[in-house]
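Written out below as structure tokens is the structure these notes cover.
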Amino acid sequence: MNMMTSPELAATNTSQILSVAGLSKSFGSLQVLDNISFGVARGETVCLLGPSGSGKSTLLRCINWLERPDAGRIVLDGQPIGITSGGVVMGDRELSLMRTRIGMVFQHFALWPHLTVLQNVMEAPVHVQRRPKDEVRAEAEALLQRVGLFEKRDVFPARLSGGQKQRVGIARALAMKPALLLFDEPTSALDPELVGEVLAVMRDLASEGMTMVVVTHEMAFARDVASRVIFMDRGVVVETGTPEVFFNAPTTERAQQFLLRYVAAPAAPSTLTTPQT
Amino acid sequence: MSSADVLAIFSGALTTLLLSACGIALGLPIGLGMAVTRWARVPVLSQIVAVYVSLLRATPLVTLLLLLFFALPNVGIPVGPISAGVIALTLNTSAFNCEVWRASLMDFPKEQIEAAQSVGMRRGLRFRRVVMPQIVRTSLPGLINEMSLLIKVTPVLAVVGVVDITRAAVRIGAETYEPLPPFFVAIAIYLPIVYALVSLQRWVERRHVRLEAAA
Amino acid sequence: MIHDFGLVWLDRELLLTGLGNTVLLSVLAGFCALALGALLSTVLMNRSRFIAIPGQAFVDTMRCTPFLLFAYIVYYGLPSLGVNFDNWGAGLAALIVYHTAYMAEILRGAWAAQPRAPIEAGMAFGYSGLRMFRRIVLPPLMLSAGPVVGNQVIQIVKDSAFLTIIALPELTHAASSIQSRRYIPFAAFIAAVLLYWAICLVVEAGVAAVGRMAEARR
């Protein structure tokens, strides 16, 4: 049974894995997030879109309390994150426990440089979740197979390309068997030709039913893969909706301006019609 | 401690500083010579330099000093405490300086030498006008660091009887039965000198960074 | 000359005892200085100026003070504070206190050069406290600081020789004894120099090994 009482959360159902309510955050005098609320259902892929400085990354980082929100509640699968239901700020141990249930993929990969690829993937499941090493190794190798990097398992991250590092980062996050995966601009630091290999892995994950929240500038990805799009500007949720609605018929003016600037060409038809003669 | 005592410490300090200056003045060019020898890969000589530098960087100054002071007269070279002190300081600091110069030489961009070659500069001219000015600049922080290290080891000269600052402090302590105050005075003299050198080194490093950024 | 070295060989026990003491002093002082230096470096990086500034003052003072004078002060000064160390205690204390300052500065510099992202990843994956420090923070830090720490250990070895002044029976003191008893200064001190060289080569081999591990991961 949920312990939530605020009205925004009253409509949650058991298939909602993440709910964010009334989230606000300021850095000094700059308000970066202003009363943000939304929910993510199991199996959804939610893309956070918006211009730079809109607060998307900060919002993402508040979900696993890498940034500490000034106000608001975050609930993962029925359990609050960061502040207990009694209103007490969580201690290190409790917070760390919650974080093991949320996977994160970083813009600059953040792989652990002193460990090999395989060790990177195995590290947290063995030492934080305390799972048996053999079981973790088998799973880690399977994950590396899945992202196409099994041959590189004994290589150090410094020897990998950006795209390879990010795929390892995804495998590393998956190894924790998280309820939810967060992606913080996963392809922004990549050379253009390496972006595709990472998006392909993310596409597969989405189609397999992984619950994902993705901050990205890759509009084609959002259009094709997202089950829902949340558009933010200057710390506020401006518009949300399915990709079909958002990309083809945005209702708000700010969304329209954004799409004009960031989407070079209007949405092309997905299949070419052959001329009927 | 009377004012005469303090004066004695100051005159000891002067002796120390003069000897340090000798060591620094001799050690810089000798270190440079050794570094160039290794950089130019002069046969036989570079290997000797390599061994010499490795040995001297591993040898504590007090051991080296005692060795020179006692052993040289034994093989027929009469040395007093001051000469032994200067020789020991010079040998020690030249080895460390060699490594500082060598690091700059090895980091020196080859293209600049090739550019100088391509306009017909011969080796001596190349070295004097292209290489030297730049390695002086890049070596400066390391060399100043080495100078501050040298000054910090000079108290050891008292061991062989040089009437330096340590000797003065020890003597006064023995006479007044208060060993600590003269040593505090001694440290009070050393501290600002070393601090000045360390600050100079930081200033040079910052200037270097700024010049690099502007280039 | 060979005859002289033969005489040194007769006294090899004294020399080897001196070597053993030098190594013992250096290893003890090295470990303690590194551990205390790690603690002190957290003081140096503390956000509160009341904590950081005295720490920095201590470090700066040690770095501008000749070790020999500091050793004298520890040796002569501690008794007046009621602490009665013999020359071993005073020598070890002086080495540790002095080099803790240097180690703290080294570790602070190494820490500042570390990238923050892998540590944030550690937080995101549920690491905290001691586990975070041991598995995520410390290994890359040690790999990066290895060579500089190694150099400082060599410095500790050489500073231990100064302790001959307070009659500590380390290597230089042993060589001095042999020299004064048998009048073979060259052989005695050359033997000591070669032994110091051997110690340094061992430390440098360790540093090189750490350097290779770091290089593989760079």
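Computed 3J(HN,Hα) for the stretch C:4-12, one whole-Hz value per residue from the Karplus formula 6.51 cos²θ - 1.76 cosθ + 1.60 where θ = phi - 60°, is 4, 5, x, 5, 4, 4, 4, 8, 4, glycine and proline marked x.
Restricted to Cα atoms, the protein assembly as shown shows a radius of gyration and a Dmax of 33.4, 119 angstrom. The equivalent ellipsoid that matches the C-alpha gyration tensor of chain C spans semi-axes of 38, 23, 12 angstrom, in descending order. For A:M232, the residues whose modelled amide H falls within less than 5 Å of its own, excluding neighbours fewer than 5 places apart on the same chain, are A:L49, A:G50, A:V238. In terms of its Cα atoms, the stretch A:162-255 spans 39, 30, 24 Å along the principal axes, sorted from long to short. Ranking B:V62, B:G80, B:V51 by Cα position along the charge dipole of chain B, where only Lys, Arg, Asp and Glu carry charges on their C-beta atoms, puts B:V51 farthest toward the positive end. Computing Rg and the Kirkwood Rh from the Cα coordinates of chain A gives a ratio, Rg/Rh, of 0.98. Sorting B:173-182, A:140-149 by their mean Cβ neighbour count within 10 Å, with the most densely packed peptide first, gives A:140-149, B:173-182. The mean number of partner chain beta-carbon atoms within 10 angstrom of a residue's beta-carbon across peptide C:180-190 is 4. As a length-normalised measure over Cα pairs under 8 Å and 6 or more apart, the relative contact order of the stretch C:2-213 settles at 32 percent.
Per residue of A:107-117, other chain Cβ atoms within 10 Å of the residue Cβ number 6 on average.
Amide H to amide H, with H built 1.01 Å from N, A:V105 comes under 5 Å of A:L182, A:F183, A:D184, counting only residues 5 or more places away or on other chains. Would you mind getting me the FRET efficiency between C:L39 and B:M121? Use the beta-carbon distance for r and R0 = 56 Å, nearest 0.05. Computed FRET efficiency for C:L39 and B:M121 comes out at 0.55.
For the protein assembly as shown, the share of DSSP beta bridges that are antiparallel, to the nearest 5, is 55%.
Candidates C:Y196, A:A41, B:G161 compared by Cα position along the dipole of the protein assembly as shown: farthest toward the positive end lies B:G161, with charges placed on Cβ.
Counting Cβ atoms of other protein chains within 10 Å of each Cβ in C:54-63 and taking the mean gives 1. When DSSP beta bridges are restricted to pairs lying wholly in chain A, around 55% turn out antiparallel.
Measure out, as a whole number of angstrom, how far apart the alpha-carbon centroids of the stretch B:110-149 and the stretch C:101-171 sit. Between the Cα centres of the stretch B:110-149 and the stretch C:101-171 lies a distance of 34 Å. Simple point charges give the picture: +1 on the Cβ of Lys and Arg, -1 on the Cβ of Asp and Glu, and for the stretch C:2-213 a dipole about the Cα centre of about 680 debye. Scalar couplings 3J(HN,Hα) for the stretch B:89-94, obtained by applying the Karplus form with A = 6.51, B = -1.76, C = 1.60 to θ = phi - 60°, are 4, 5, 4, 5, 6, 5 Hz; x denotes Gly and Pro.
Here's how it looks for A:A71: its modeled amide H is under 5 Å from those of A:S24, which are all 5 or more places away or on a different chain. Of the residues C:G129, C:I53, C:F31, the one whose Cα sits farthest towards the positive end of the charge dipole of the stretch C:2-213 is C:G129 (charges of +1 on Lys and Arg Cβ, -1 on Asp and Glu Cβ, taken about the Cα centre). The relative contact order of chain B, computed from alpha carbon pairs under 8 Å that lie at least 6 residues apart in sequence, is 31 percent. Across all Cα pairs in the stretch B:3-214, the calculated P(r) in 10 Å bins from zero up to the longest distance comes to 8, 27, 30, 20, 10, 4, 1, 0 percent per bin. Cβ crowding within 10 Å ranks A:V245, C:V210 as A:V245, C:V210, fewest other Cβ atoms first. The relative contact order of the stretch A:25-134 comes to 15 percent, based on Cα pairs under 8 Å that sit 6 or more residues apart.
Length gained on full extension, A:D154 to A:A71: 25.5 nm, using 0.36 nm per residue less the C-alpha separation. Gap in Å between the Cα centre of the stretch A:187-217 and the Cα centre of the stretch C:71-88? Cα centroid to Cα centroid, the span is 66 Å.
Ignoring trypsin sites (Lys or Arg not before Pro) that are buried or in helix or strand per DSSP, and keeping those with at most 16 other beta carbon atoms within 10 Å, what is the longest stretch of chain B between them?
B:123-215
Computed about its Cα centre, the charge dipole of the protein assembly as shown is approximately 900 debye, with only Lys, Arg, Asp and Glu carrying charge at their Cβ.
Values quoted throughout were computed directly from the atomic coordinates according to the rules given, and no laboratory measurement underlies them. For clarity, every value in this text was computed on a predicted model and none was experimentally measured. Neighbour counts are summed over all protein chains in view; Cβ atoms, including those assigned to glycine, are modelled from backbone coordinates with ideal geometry.
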